[in-house]
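Asks: Once you've had a glance at the structure underneath, I'll fire off some questions.
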Amino acid sequence: MDVEVRQSFPDEKHAADFDIEKIVTKHSAHHDVNIANEVLPHRKVHTVCRNCVWSEDGKLFAWACNEYTIQIMSADAITSNNQQMEDTLSVECNYPVTSLLFVSSNETVQDCGDNQGYQLLRWRENKTVMVVGMKSGRVRVINVRDGSILLELIDHKDHVSSLSVSPSLILVSASYDGTIKFWDLADDGNMFHSFLVANYTACRGVRHKVLSVAWSPDGARVATTGTFKAVVIFDMRNKEPGLTLSGHVNRVNRCQFSPDGTLLVSSSVDTTCIVWNSYTGVIICRLGHQFPEPCPWFPGESDTDVLDCAFSKTGLQVVTAADDGYLRFWDLHSPNSPVSICAVDNPLCCSFNQNGGFLAVGSTTGDLVIVQPTRTLPSLLQLCRLACNTSQHIQYDSVDKLVIPTTLKNYLRYDSF
C-alpha cells in the first residue's frame with residue numbers, strides 16, 4: 001500500500017523558499033541547572049523552558065530556565081548579546097514551574113480603598129509582580145525585586161497550566177484538574193468564582209485538562225482551551241458560558257485574543273491553527289502546518305503539532321510554534337502560506353514583546369531563543385480599526401447602528417481585511 005507523503009509547507013515549497021527571520025540571541029539554561037543541582041542534590045532538574053513572558057510595558061522579561069527556577073531580568077539584557085546579565089534575579093520555587101505571568105497595577109488599583117494598610121499585597125509598593133503557577137496546584141505572587149513571596153493562592157488540585165489577568169486585576173488560572181478559577185488580586189487574591197470547563201462542551205461529565213486561558217483586552221470575556229478539543233468563551237459580565245468554538249479535531253494547546261479582542265487564535269495537535277471571530281464563532285481562516293491535512297478520524301503520527309501561537313501588536317500577524325522545529329510567521333491577508341519562517345530546535349512556547357518587536361521562544365531542551373521578526377507597517381485603515389474596536393463607545397454589537405457605509409461596517413467586524 002502506498003504511504004501518503006505529507007509535507008510541512010504547501011504547494012511543494014521547502015524551508016529554503018521562505019524568508020528567514022533573524023535570531024538575535026540564544027541563552028542556555030545548563031549553567032543554571034548545575035547550580036540548582038548543587039543546592040538540591042537530591043532532586044533531578046529537567047531543562048525544559050515551558051514559559052517565557054514579557055511585562056506589559058516590555059521592560060522586564062522572565063523565563064523558567066529549568067523545572068524549578070525562574071529568572072527575571074530587564075528586556076534589554078535578554079535581547080542583547082550580554083551573556084553575563086548581572087542584574088538577573090533567580091528565584092527557586094521548590095515546586096516545578098508550569099506557568100508565568102507579569103501583573104502590573106494601574107492608578108485606580110493603587111489608590112483604591114482605605115484598607116491598603118491591612119493588605120498583604122500593597123500595590124503602592126509593588127507596581128509589578130510575577131505570578132507563578134506550579135505543578136503542585138499552587139499559585140504564587142512574587143516580588144520582582146527580591147523574589148520574596150507576597151501571596152500564595154491554594155485551591156487547584158493539579159498543576160496550573162496557564163495564567164491571565166484582566167485590566168481590573170482579576171487573575172484567572174487554568175489547571176489540569178479541569179477548572180478555571182478567578183482571584184481578585186486587588187483584594188489579596190480572594191477567589192470568588194470557578195468553572196468546570198468540560199461541562200460546557202460536548203464532553204460533559206468527563207474530566208478534561210484545561211491547557212490555556214486568556215482574558216479579552218476589555219476584561220469582559222475569558223477564553224479557554226484543553227483536551228476537550230474546543231475553545232470555550234465565558235461572558236464574565238454575567239459569569240456564564242458564552243460560545244463554544246468547534247473546529248479542531250484534537251487537543252487545543254493555546255489561545256490568545258487579538259489586541260482589539262475581535263479575533264481569537266487557537267493552536268492544536270491536529271496540525272492547524274484557527275483564527276476565529278470571537279464574538280460570532282465564525283472561522284476567519286485556518287493556518288495549516290501539514291499538507292495534506294491528516295484525516296480527522298485517523299490522523300496517525302504527526303510531527304507538526306502546533307504547540308503555541310501569538311498575535312503581533314498590529315493584530316494582523318500571527319506566529320506559530322510547531323514541533324517540526326519551525327516558527328511560522330503569518331499575515332492574515334494571505335493565510336494560505338507563511339510569509340517567513342525561523343528554524344528553532346524543539347520549540348515549545350513563544351511570546352511577543354509588544355513594544356520592542358522581539359519574540360522569545362522556549363524549547364524542550366531548556367534553551368531560550370530571541371528572534372527579531374521583520375517589522376511590517378500596519379495600514380492606516382488597520383490602525384483606525386484597532387482604535388475603534390478598543391473604544392468604550394463602540395461595541396461589536398453596536399456596529400450595525402453606526403451611520404457609516406456597509407463596507408466599513410464589514411471591515412470593523414473583520415468580515416473583510
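The values are calculated or read from the model by the stated rules, or taken from the named source; none is laboratory data. What you are looking at is a predicted structure, and each value in this text was computed from that prediction instead of being measured. Cβ: placed from backbone, ideal geometry, glycine included. Neighbour counts: every protein chain shown. The area values use the complete protein model at the heavy-atom level, side chains included, leaving out ligands, DNA and RNA. Shrake-Rupley method; radii C 1.70, N 1.55, O 1.52, S 1.80 Å.
Asks: So which residues in region 255-278 are open to solvent by 20 Å² or more (accessible area, probe 1.4 Å) and at pLDDT 95 or above, if there are any at all?
Replies: Answer for region 255-278, where residues must be open to solvent by 20 Å² or more (accessible area, probe 1.4 Å) and at pLDDT 95 or above: just Gln256.
Asks: Being of a type outside the set (Gly, Ala, Ser), assigned to a strand (DSSP E or B) and closer than 18 Å to Ser80 by Cα is the requirement here; does Val319 meet it?
Replies: In short, no.
Asks: Where residues in region 320-355 are in contact with a helix residue (DSSP H, G or I) (Cβ under 8 Å, 6 or more places away or on another chain) and crowded, with 18+ Cβ neighbours inside 10 Å, which of them is nearest to Ile78 (Cα to Cα)?
Replies: Taking the candidates together, the pick is Asn353.
Asks: Identify, please: which residue in region 356-414 is assigned to a helix (DSSP H, G or I) and β-branched (Val, Ile, Thr) and is, among those, least open to solvent (accessible area, probe 1.4 Å)?
Replies: By that ranking, first place goes to Val399.
Quick grid of which residues meet (1) in a strand (DSSP E or B); (2) among the small types (Gly, Ala, Ser):
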{"residue": "Asp177", "(1), (2)": "no, no"}
{"residue": "Phe182", "(1), (2)": "yes, no"}
{"residue": "Ala186", "(1), (2)": "no, yes"}
{"residue": "Phe195", "(1), (2)": "yes, no"}
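Asks: Can you pull out the residues in region 178-212 that are among the hydroxyl-bearing types (Ser, Thr, Tyr) and open to solvent by 30 Å² or more (accessible area, probe 1.4 Å)?
Replies: Listed by number, the residues that qualify are Ser194, Tyr200.
Asks: Restricting the search to region 262-286, which residues are among the β-branched types (Val, Ile, Thr) and not in a strand (DSSP E or B)?
Replies: If the condition is that a residue be among the β-branched types (Val, Ile, Thr) and not in a strand (DSSP E or B), then Thr262, Val269, Thr271, Thr280, Val282 are the ones that fit.
Asks: Also: Go through (1) farther than 20 Å from Asp323 by Cβ; (2) at pLDDT 70 or above; (3) open to solvent by 60 Å² or more (accessible area, probe 1.4 Å) one by one and return the number of the condition Ile23 breaks.
Replies: Of the numbered conditions (1) farther than 20 Å from Asp323 by Cβ; (2) at pLDDT 70 or above; (3) open to solvent by 60 Å² or more (accessible area, probe 1.4 Å), the odd one out for Ile23 is (1).
Asks: Determine if region 187-208 includes at least one residue that is under 15 Å from Leu101 (Cα atoms) and not small (Gly, Ala, Ser).
Replies: No; the residues of region 187-208 include none that is under 15 Å from Leu101 (Cα atoms) and not small (Gly, Ala, Ser).
Asks: Could I ask something else about it? Yes or no: region 213-233 includes at least one residue that is closer than 18 Å to Leu101 by Cβ, open to solvent by 50 Å² or more (accessible area, probe 1.4 Å), part of a strand (DSSP E or B) and of a type outside the set (Lys, Arg).
Replies: No: region 213-233 contains no residue that is closer than 18 Å to Leu101 by Cβ, open to solvent by 50 Å² or more (accessible area, probe 1.4 Å), part of a strand (DSSP E or B) and of a type outside the set (Lys, Arg).
Asks: Further, regarding this structure: Can you tell me which residue is modelled with the lowest pLDDT among those in region 58-116 that are in contact with a helix residue (DSSP H, G or I) (Cβ under 9 Å, 6 or more places away or on another chain) and on the phi > 0 side of the Ramachandran plot?
Replies: Filtering region 58-116 for residues that are in contact with a helix residue (DSSP H, G or I) (Cβ under 9 Å, 6 or more places away or on another chain) and on the phi > 0 side of the Ramachandran plot, the one modelled with the lowest pLDDT comes out as Gly113.
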